[in-house]
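Trainee: Here it is, the structure, as structure tokens.
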Amino acid sequence: MPLNESWQTAEIPGPKKASLIIKPDIADAMIRRAKRPIMIVGHGIVEYDVEGLKLIDYLIEFATKAHIPVVVTASTNREFLNRGFTPAALMPAVDIGNRLTDPGWKGFDGKDAYDLAIFVGLPYYMEWTILSGLKHFAPNLKTMTLDCVYQPNASWSFPNSTIKDWVVNLKGIVDGLGD
Amino acid sequence: MVNALSRKGVNLSIKELDSDIARFRDISISIGAIRQDTWHEPMGPTPFPTLSTLRNWDHALLKRYKPFYLPFCDLCCLCTYGKCDLTGQKRGACGITMAAQQSRIVLLTACIGAATHTGHARELLTSLIDRFGSDLPINVGDVGVEVEAPITRLVCGIRPQTLGDLEPVLDYCENQITQLLSVTHTGQEGSNIDFESKVFHAGMIDHVGMEVADIAQISALGFPKAEPESPLADLGLGTVDVKKPVILVIGHNVTPSAGIIDYLRAEGIQSEVEVTGICCTALDITRYSSRAKVIGPISWQLRYIRSGVPDVIVIDEQCVRTDTLLEAAKVRSPLIATSEKNCLGLPDRTDDTVDDIVRGFVEESIPGALILDPEKVGEVAVRTARLIAPKRKKQGADISKEELGRLAKKCTQCMLCRRACPNDLPLAQAIKAAAGGHLSLLDELYDDCVGCGRCESACTQKLPVHSLIIAAADQKTRTESYCIRTGRGPIQDTEIRKVGGPIVLGEIPGIVAFVGCANYPKGSREVAEMCREFAKRRYIVCTSGCSAMSAGMHRDEYGRTVYEQFSGAFEAGGIVNVGSCVSNAHIAGAAIKIASIFAKRPLRGNYEEIADYVYNRVGAVGVAWGAMSQKAAAIAAGFWRLGIPVVVGPHGTKYRRMLLGRSDKTEDWYVYDARSGGKVYAGPVPEHLFFAAETKEDAMVMVAKLTMRPNDTSKGRANKLANYIDLHKRLVGGIPPDVHLFVRSPADIPLTMKDDVTLYLKDHDWKEQPIPDPTLLPRLIHKKRV
């Protein structure tokens, strides 16, 4: 399977395409470099079982280790609450996307604009269009996706991967963040 | 008294004329349509508005609901300067920005939609005038409907009384659509906000066109006239008597399908032939004959044709698969095209004899024909179906279970089918399981499949992937047997008088209209589930188009569809199927009638004031859960200009922009208090104007939130908040994090939630706010008496 083709074949954006996260170190470096990262989590994350664990469990570990606030976009909130994790905010995907295009928006804590938005778990085409909006209208924001499919409109994206490879990458990112 | 002239008439005014025989002064001659204007309401400020007439109103809305653009492409490729790369704040060769380019495409989309409805209306009206005469009275409700055309009255400032009166209305629409389309030319408009204003204009024109189409066909063809309990019609593939000859009609323009019913009636053979339909023609043909049957929405085209059940296929216009001729040929069903807009390369046989055409079909010497005469279509379709049915024996392109397994083994697991699927369905995984004899995964996909067939085009092994799904789910397709309330058309004025107060005061929590196409993210059942939930909560639920069908395609635990469970009246807890796409005009019309009939606001050519009333007081929300088409975009735009928010499913982000409010920016939410003239914070209501929800749960919570309006009384706001909070607690978890923004006084807090909400308000530094008499229009501030 081609690594850096849009997962949905026809969703081809144009000249500006995401760089590939070919090693977990790249994602870790991006996260460490970011001063104000945020993670936007869609409802798809409860659909994946990864070696006996739900993807949501990896993400909770990831967000906790990296100290990244999590915005939950949909009814997934309950899944987080059930695991004793309280997201930083609940907000629909297009709403948070829109706010991220506003350079004057100081975030949920009112401190400063976010500089890295990490997306995971939205429907592919919806994430595609929102990332396109950010690519064009949020020039000071970097975006990254943690899904197992290539998102061309992000700044950084995983390649199209098998679930097995994806798990290795996710574990690598979490491990790279240390304890 | 004012004399209004039809634009079809000729007017000649002569100031002064000297001739050999006499000298004339101040002569005015009118030839053609002339009608005495019996509408005594004074003309409002904006009859027949042009592109910029309502610009200030649009800009007031767009100041609150700023576009969030979601470019579908980094480029502009509309002229030969291009392609132009618009990434990274670059401008195109013409100077256009990415924001303006996106709004330009949105305008193009809305123009296509408005042109399609208006073109449909023109063709329909011309045909009906030819048949019934231009003096046929408009009658859309024998009792209880005096305001027969609220949108036309509002926009154009005229009261149409006959079919002929509708012609100048369409002249106006056609003129405006041409002007709007010209705006999208290279080097015209450069401001994205002005493009957006024109999108609103296109939407408003679209609603006029839709209204003309539906009131013309209701008046002339004897459709249900605003009847709350219009008859129930059969819905689903399982309702078809396959022993009979079967005709399938697809599209939106009912005229040729009515020709089929007319012929069956004339020959007295209605019970001998099944007339079945897909898309809005299906809905409209059930309004014409309760014997007709609806198969399903647009997504049922491939599966129904391939079943081999239809013996003859008749297509008209809009949303007809462009490969229908190929699919029909596979099952040896002749195809009759009936619209100039959709000829499919077929020979024009309009002037040939019926005998010749039927012979060609029966002998299979021609696969299809273009026939532009509805009466002839009726006779050809029926005679052909009766002759051909015994020969065809419903031979379909179905696949047996054994064949399914054999084909599935050819799959190479390249995943291209899944990557082509709009809903990213796990097709390859399901086919792999089928190769091993396990069909349950394929069977499950049936419910979520939108029937586009892209999986088949993508397959390197040429597998009929869609047919594999249908074969695995054959038990489901055979038992699809439901019912739908036939489209009732307008809402009665008397119904408006009953519910106007409770709606405006908020005691009925809102009007929720499920409209539009069937590009659903997770199947049609979600529409039925949402309809049922809001009806149970005593909202007024309206349905139309493909959504009206989807709403009926599921049963509750007692085996009832929503149309059997709830009344068809425009009342709390009613499920009101207005009809086909063009019947959407009656939903907008109902909101307008609340302003004009209940609140007695002047209607005639008075768009801004009525829209201001609707926006601030009528808690209506549209839901186009599977919106796919350009028409759906235009319909939405018509609602936006009236201040009615629209929620779409996740595929709706592909319309390239949202119109979103910012609840955190308090400065955006001030209104004029018409009583005091002061500016008052009214809260973020409604918060968004165009919003794509990620899931059904998201959508339901958002709909409940978007029904709130600045004018809600405390009792009404408490009712709306109770629904919002309850849905949020149940579907998302916990109290909504923004609930403090919607509580204006302690009296707004739902009684049963008082402790929770009060505690929440304390934690959020909540302050009491006044409830204004809200308006965005300074001219509506009450003048103080001296």
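Every read-out reported here was derived from the displayed coordinates using simple, explicitly stated rules and does not represent laboratory data. None of the values given here were measured: they were computed from a predicted structure. In this analysis, Cβ positions are derived from the backbone assuming ideal geometry, glycine residues included, and neighbour counts consider all displayed protein chains.
Trainee: Test of understanding: in a Gaussian network model of chain A with alpha carbons linked when under 10 Å, which of A:K35, A:K142, A:K111 would top the mean-square fluctuation ranking?
Mentor: A:K111
Trainee: Still on this structure: Mind putting a number on the dipole of the protein assembly as shown about its Cα centre? Charges go on the C-beta only, +1 for Lys and Arg and -1 for Asp and Glu, and I need it in Debye to the nearest 20. Can you show the working numbers first?
Mentor: Numbers: 112 positive and 112 negative charges, 313 e Å.
It works out to roughly 1500 debye.
Trainee: With r defined as the distance between the Cβ atoms of A:D175 and B:S567 and R0 fixed at 51 Å, what FRET efficiency is calculated, to the nearest 0.05? It would help to have the intermediate numbers written out before the result.
Mentor: On the way: r = 61 Å, r/R0 = 1.19.
E between A:D175 and B:S567, to the nearest 0.05, is 0.25.
Trainee: Charges on Cβ only, +1 for Lys and Arg, -1 for Asp and Glu, centred on the Cα centroid of the range B:401-463; of B:L463, B:G453, B:L427, which one is farthest towards the dipole's positive end?
Mentor: Highest projection toward the positive end goes to B:L463.
Trainee: Which ³J(HN,Hα) values in Hz, rounded to whole numbers, follow from the phi angles of the range B:748-755 under the Karplus curve 6.51 cos²θ - 1.76 cosθ + 1.60, where θ = phi - 60° and Gly and Pro get x?
Mentor: Those phi angles translate into 6, 6, x, 4, 6, 10, 4, 4 Hz.
Trainee: Here's another thing I want to ask about it. Return the single residue from A:G42, A:G121, A:G14 with maximal mean-square fluctuation; model: Gaussian network over chain A, springs between Cα atoms under 10 Å.
Mentor: Judging by the Gaussian network model, the answer is A:G14.
Trainee: Exposure proxy check: B:S400, A:S161 ranked by fewest other beta carbons within 10 Å?
Mentor: Details: B:S400 10, A:S161 18.
In order of increasing Cβ crowding within 10 Å: B:S400, A:S161.
Trainee: Under unit Cβ charges (Lys, Arg +1; Asp, Glu -1), what dipole magnitude, rounded to 20 debye, does the range B:482-779 have relative to its Cα centre? Spell out each step's value before the answer.
Mentor: Values: 39 positive and 31 negative charges, 149 e Å.
Once rounded to the nearest 20, the dipole reads 720 debye.
Trainee: Under 17 Å from a point 7 Å along the Cα-to-Cβ line of A:D102: which residues of the range B:648-669 have their amide N that close?
Mentor: B:658-669
Trainee: How much mean residue ellipticity at 222 nm does the protein assembly as shown get from its helices, if each DSSP H run of length 4 or more adds -39500 (n - 2.57) and you divide by all residues, to the nearest 500 deg cm²/dmol? Mind showing how you got there, number by number?
Mentor: Numbers: 34 runs with 385 residues, N = 965.
When only DSSP H runs of four or more count, the value is -12000 deg cm²/dmol.
Trainee: Say a site is exposed when it is one of the chymotrypsin sites (Phe, Trp or Tyr not before Pro), sits in a DSSP loop, and has at most 14 other Cβ atoms within 10 Å; what is then the longest site-free stretch of chain B? Please report the intermediate quantities before stating the final value.
Mentor: Details: sites that count: B:Y81, B:Y558.
Looking at chain B, B:82-557 is the longest stretch - no exposed chymotrypsin sites (Phe, Trp or Tyr not before Pro) with at most 14 other Cβ atoms within 10 Å.
Trainee: Let me ask you something else. Go through B:Y613, B:L689, A:P159 and say which Cα lies farthest out towards the positive end of the charge dipole of the protein assembly as shown; charges sit on Cβ, +1 for Lys and Arg, -1 for Asp and Glu.
Mentor: Of the options given, the answer is A:P159.
Trainee: Give me the inter-chain shielding for A:88-99: mean count of other chain Cβ atoms within 10 Å, whole number please. Display every interim value, and only then the final one.
Mentor: Details: counts 0, 1, 8, 2, 12, 7, 15, 10, 0, 6, 11, 4.
Rounded to a whole number, the mean comes out at 6.
Trainee: Further question: For A:E79, B:E317, which order do you get if you count the other beta carbons within 10 Å of each Cβ and list the fewest first?
Mentor: On the way: A:E79 19, B:E317 22.
Ascending Cβ contact count within 10 Å gives the list A:E79, B:E317.
Trainee: On to the next question. Between the range B:83-139 and the range B:418-448, what's the alpha-carbon centroid distance in Å?
Mentor: Using only Cα atoms to place each centre, the spacing works out to 38 Å.
Trainee: Taking the Cα centre as origin and putting +1 on Lys and Arg beta-carbons and -1 on Asp and Glu beta-carbons, what dipole magnitude results for chain A, to the nearest 20 debye?
Mentor: Using Cβ point charges on Lys, Arg, Asp and Glu, chain A gives about 520 debye.
Trainee: Run the simple label-point estimate for A:R33 and B:K341 please: 7 Å along Cα→C-beta, distance reported in nm.
Mentor: 5.2 nm
Trainee: In the range B:279-293, which residues have a backbone nitrogen under 18 Å from the label point lying 7 Å from B:R131's Cα in the Cα-to-Cβ direction?
Mentor: B:280-293
Trainee: Within the protein assembly as shown, what percent of beta bridges assigned by DSSP are antiparallel, to the nearest 5? Intermediate results must be reported in sequence, preceding the final value.
Mentor: Numbers: 32 of 89 bridges.
Around 35 percent antiparallel, to the nearest 5.
Trainee: Residue farthest toward the positive end of the dipole of the protein assembly as shown, with Cβ of Lys/Arg at +1 and Asp/Glu at -1: which of B:G92, A:P24, B:H728?
Mentor: A:P24
Trainee: Something else: Roughly how many nanometres apart are two label points built 7 Å out from the Cα toward the Cβ at B:D373 and B:K665?
Mentor: 6.1 nm
Trainee: Order these by the 10 Å Cβ neighbour count, fewest first: B:D130, B:D474, B:D356, B:D698. Could you put the intermediate results ahead of the total?
Mentor: Working: B:D130 9, B:D474 18, B:D356 13, B:D698 24.
Least to most surrounded, the residues fall as B:D130, B:D356, B:D474, B:D698.
Trainee: Related question: When the label point is put 7 Å from the Cα of B:E146 along its Cα-to-beta-carbon vector, which residues of the range B:598-614 have a backbone N closer than 16 Å?
Mentor: Within reach of a label on B:E146: B:598-604.
Trainee: Using a Förster radius of 35 Å, what is the FRET efficiency between B:Q769 and B:D726 based on their Cβ-Cβ separation? Nearest 0.05, please.
Mentor: Values: r = 23 Å, r/R0 = 0.66.
Computed FRET efficiency for B:Q769 and B:D726: 0.90.
Trainee: List the lysines whose alpha-carbon lies under 22 Å from that of B:K66, not counting same-chain residues fewer than 8 positions away?
Mentor: List returned: A:K106, A:K135, B:K90, B:K198, B:K654, B:K665, B:K679, B:K705.
Trainee: Ok, one more. What's the average, rounded to a whole number, of partner chain beta-carbon atoms within 10 Å of each residue's beta-carbon in B:654-664?
Mentor: On the way: counts 5, 1, 3, 3, 8, 1, 6, 2, 5, 1, 6.
So the per-residue partner count for this stretch is 4.
Trainee: Another one. Given A:K54/B:K729; B:K401/B:K432; A:K54/B:K696; B:K391/B:K476, which pairs have Cα atoms separated by over 20 Å?
Mentor: Values: A:K54/B:K729 23 Å; B:K401/B:K432 14 Å; A:K54/B:K696 22 Å; B:K391/B:K476 27 Å.
Result: A:K54/B:K729; A:K54/B:K696; B:K391/B:K476 exceed 20 Å.
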